[in-house]
Amino acid sequence: MTKQYRGTLEDFEKKLSRVMGRLGVDADHYQCDYYERKAGCSCFVEMRYKDKTYRFENSSAKSAACGRGLVYKSDLFGEIVYSLEGLARAVEKGIFTLDMLLEGVPALPEAPTMEACFTALGFANRPASIEDIKTQYKRLAKVMHPDSGGSGEAFTALTKNYNACLRAMKV
């Protein structure tokens, strides 16, 4: 299969930035990614609009299913960007508002909140295992223990959060 769209992934990221600006979505309210796996390429754009998150996805499998047959990450990502640009044009021409366009698009469910004890131990996401918690605790204990130059209060807080993490994991 030959490449369908001119431009690199970086070119499409710049274009996406301009399109999001045209839609009134700030830079810190959207994200994108593209990746290759054995099963093919995939990409997405997620945007936050009026306290809801919307995800636009494309993949080589989806492209094949609709007869397009795109295989390059840049082509798949470019299709999302060009589709969003079409929405921006409709909004700019006064044909639709972004609210009207997104009305039928299901928003993603809100991400579950993580317990504060995990955040206090430095986890960005809930750890997969108790071993991950123990490893992180030991690493932090080496720094926070009073015998290593840390404070008693910091070490007590660390231990309290460690025990709360274990309880949260149902140990």
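Once the Cβ-Cβ distance between Phe123 and Glu85 is put in as r, and R0 is 35 Å, what FRET efficiency do you end up with, to the nearest 0.05? Intermediate results must be reported in sequence, preceding the final value.
Working: r = 38 Å, r/R0 = 1.08.
E between Phe123 and Glu85, to the nearest 0.05, is 0.40.
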So what's the angle, to the nearest 10 degrees on a 0 to 90 scale, between helix 9-23 and the longest Cα principal axis of the chain? 80
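From the protein chains alone at 1.4 Å, what is the descending order of accessible area for Lys15, Lys38, Lys170, largest first?
Values: Lys15 40, Lys38 215, Lys170 175 Å².
Listed by decreasing accessible area, they come as Lys38, Lys170, Lys15.
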I need to check one value: relative contact order of region 25-86, counting alpha carbon pairs closer than 8 Å and at least 6 residues apart, in percent. 28
Can you work out the Karplus-derived ³J(HN,Hα) for every residue in region 108-122? Use 6.51 cos²θ - 1.76 cosθ + 1.60 with θ = phi - 60°, whole Hz, and x for glycine or proline. 6, x, 4, 5, x, 7, 9, 4, 4, 4, 5, 5, 5, 8, x
Could you pull the Rg and Dmax for region 46-171, using just the Cα atoms, both in Å? 23.4, 68
Of the candidates Glu110, Glu131, Glu85, which one comes out as most mobile in a Gaussian network treatment of the chain with C-alpha springs shorter than 10 Å? Glu131
Simple spin-label estimate for Leu9 and Val143 in nanometres, 7 Å along Cα-Cβ: 3.0
Within region 90-127, the residues whose backbone N lies under 12 Å from a label point placed 7 Å from the Cα of Arg22 along the Cα-to-Cβ direction are 90-94
At 10 °C and 1.306 mPa s, grab the translational diffusion coefficient of region 64-116 from Stokes-Einstein with a Kirkwood Rh over Cα pairs, rounded to a whole number in µm² per second. 113
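Residue separation times 0.36 nm, minus the C-alpha to C-alpha distance between Ala116 and Arg68: what's the value?
Details: separation 48, 0.36 × 48 = 17.28 nm, distance 4.58 nm.
Here the answer is 12.7 nm.
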With θ set to phi - 60°, apply the Karplus curve 6.51 cos²θ - 1.76 cosθ + 1.60 along region 87-92 and write out the HN-Hα couplings as whole Hz, x wherever there is a Gly or Pro. 5, 4, 4, 4, 5, 5
State the extension gain, in nm to one decimal, for the chain segment bounded by Glu92 and Ala157, taking 0.36 nm per residue of separation less the distance between their alpha-carbons. 18.1 nm
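Based on Cβ point charges of +1 for Lys and Arg and -1 for Asp and Glu, what charge dipole magnitude is obtained for region 1-134 about its Cα centre, in debye rounded to the nearest 20? Don't skip to the end; give the middle numbers.
Details: 19 positive and 20 negative charges, 102 e Å.
It comes to approximately 480 debye.
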Separation between the Met169 and Lys52 pseudo-spin-labels, each 7 Å from Cα along Cα→Cβ, expressed in nm? 3.7
Region 79-171 - percent relative contact order, Cα under 8 Å, separation 6 or more: 21
In the chain, how many lysine pairs have Cα atoms under 17 Å apart, counting only pairs 8 or more places apart or on different chains? 13
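The values are calculated or read from the model by the stated rules, or taken from the named source; none is laboratory data. None of these values were measured; they are calculated from a predicted model. All Cβ positions, glycine included, derive from the backbone under ideal geometry; neighbour counts span all protein chains shown. Surface accessibility is based on the protein's heavy atoms, side chains included, excluding ligands, DNA and RNA. Shrake-Rupley method; radii C 1.70, N 1.55, O 1.52, S 1.80 Å.
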